[in-house]
1. For residues that are part of a helix (DSSP H, G or I), buried (at least 16 other Cβ atoms within 10 Å of the Cβ) and more than 10 Å from chain A (Cβ to nearest Cβ), scanning just segment C:28-50, find the one that is modelled with the lowest pLDDT.
2. Answer yes or no as to whether residue C:66 is within 14 Å of chain A (Cβ to nearest Cβ) and assigned to a helix (DSSP H, G or I).
3. For segment A:15-32, enumerate the residues that are surrounded by fewer than 17 Cβ atoms within 10 Å (Cβ to Cβ) and modelled with pLDDT of 85 or more.
4. Based on this model, can you work out whether residue B:176 counts as within 11 Å of chain C (Cβ to nearest Cβ) and touching a strand residue (DSSP E or B) at 6+ places or on another chain (Cβ under 8 Å)?
5. Report yes if residue C:167 is more than 17 Å from the chain's Cα centre (by Cα) and either more than 9 Å from chain A (Cβ to nearest Cβ) or under 30 Å from residue C:45 (Cβ atoms) (or both), otherwise no.
6. Would you be able to tell me the number of residues in segment C:238-249 that are in contact (Cβ under 8 Å) with a residue 40 or more places away in the chain and either over 30 Å from residue C:198 (Cα atoms) or surrounded by 18 or more Cβ atoms within 10 Å (Cβ to Cβ) (or both)?
7. Is it true that some residue in segment A:33-49 is more than 16 Å from the chain's Cα centre (by Cα), within 14 Å of chain C (Cβ to nearest Cβ), at pLDDT below 80 and in a helix (DSSP H, G or I)?
8. Among the residues that make up segment A:136-147, is at least one of them surrounded by 13 or more Cβ atoms within 10 Å (Cβ to Cβ) and in a strand (DSSP E or B)?
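The values are calculated or read from the model by the stated rules, or taken from the named source; none is laboratory data. Since this is a predicted model, take the numbers as computed values, not measurements. Cβ placement follows ideal geometry from the backbone for every residue including glycine, while neighbour counts extend to all protein chains displayed.
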């Protein structure tokens, strides 16, 4: 193969391009946070998963301890079954509870894990029994309206007038 | 080689033969029923009017064009029977000099001449260098080896192209208008080179040209192509003595004759409103 | 062309189809020549210099300015929702997923594509390609294929440089100029940009654009009329066709890659 006088410059160009790709992958992306540790699988059942998606984080005390692997529907209990992959180095007691929380006001939903007090730990294939479903905004509003309607009303106004008052203002 | 040898060679089979060739582009027929044979080791001149079909003959020989009817034979072999490999092998026996040189503008003079050697042979760099310098020396441009095509004059560019055409020592060299646009000195240099190479290398040469005087000085045989046919052929002396009006007009350089001066148009009277029509 | 004349319309449709067919054949030929081309790597290296290195300056400067603008515009919009800290994420995602591949492809079409078309067209006009054929050297193999593969290699590299410089440009505007916290700038970005889904897809996009733009440039040059007007018309066509093709392909690829 004959030498070209452009060899050095082209080599430099290719290096710069490769460095740019690496920069994007490492600094801008999440390559370094990719975990290749071993994991064990745990299931959790929810009445409503809200906006939870696969690959969402599973956090305990705010630290990522695992990922949501898949979300399925159990048509016997009519509940959502969420499969979690937790890192092997973190063990949780059998009576830990799982809640679906939102990161920030408009943020993505993630699964929060709160440890219980049992002596035995969760093993691969276990199910988390204590779960709290995601907050659905419509349910929250109707709850608020009902609670307002149930309040003891002042003698002057009829109870029926009360729910009408706060609703339009909102 | 003695002249007796040369006679022997020219008496043998012609290198190229065109038999009843009709050829054209799409609907347009350029050559009609042409019969031509190119004698080995001689300089054949193709002269004729513009668009008459001279360059088409070169394209037929180089197989850039295929005849509609008829055969083109190289050394007795019909080129239509050759496959892609065969065509490339045939082309390696030919060298072609294009009208303005067609040098590769991104390569130096040296690299241009070395191009066919690099593409078709596995010779070492040392051998290639020697061969290239020999070819450049033959055309008188050994000192210009590192110049770029943009840095050489038109005449020099054509000489470099000639060196490139003879790089692989071909059997046939075709020259497309080698004298066009050259000053008298360059013209005579070019003519001398064509003649000398023909003798020194024993190649067959086909020269397509408009320049009657220079061409007749170097040609052994002249073919006059006009209107898609061979109007006349013979030695330069025979052509000069010809009685055919078309040949006479061409050789003498007359403005009007069988090739009309006026492009076909309506009569003068009609255009300028002269006469009874008003 | 008279649209009301069915014969003329039919003829033009037919010749259009013939052109597409020829183009497809050339494309397949260039792909098939990958082995032979990389066997003569020196030709590819030379072309990589002309297409890649020579485009670096325009790509870097453009990337820098695009990064500046993204950070600025992003900040103005995000701060209305109290999410100004996400500007790093906005800049990185916009660049890596869309602007990097697309803008680089458009700039490449304008700079390298036109120079390719003009070069090949002039070689055709100067009978250099015919001379090569007469010397029993296949011009597609010797001239077109190295340029094709060099373009395919250069594009993803240039797009990556564009995105990387853009991210840095965004940082320059966001952190020293506007005053966003550098920690949040990078951490929001790293939390949101996925290596395989975002960066990887961006690289795939730029490779596809590399194939497209280089091929269109070579095709226009190789098929142009060998006159000065022909070459200049071909150069214009290269930019127009390559730009439209890039934008259309961008839509198709985005739909395929980033669907919900």
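1. Result: C:37.
2. In short, no.
3. A:15, A:18, A:19, A:22
4. Criteria met by residue B:176.
5. yes
6. Here the count works out to 6.
7. Scanning segment A:33-49 turns up at least one residue that is more than 16 Å from the chain's Cα centre (by Cα), within 14 Å of chain C (Cβ to nearest Cβ), at pLDDT below 80 and in a helix (DSSP H, G or I).
8. Looking for residues that are surrounded by 13 or more Cβ atoms within 10 Å (Cβ to Cβ) and in a strand (DSSP E or B), one finds none in segment A:136-147, hence no.
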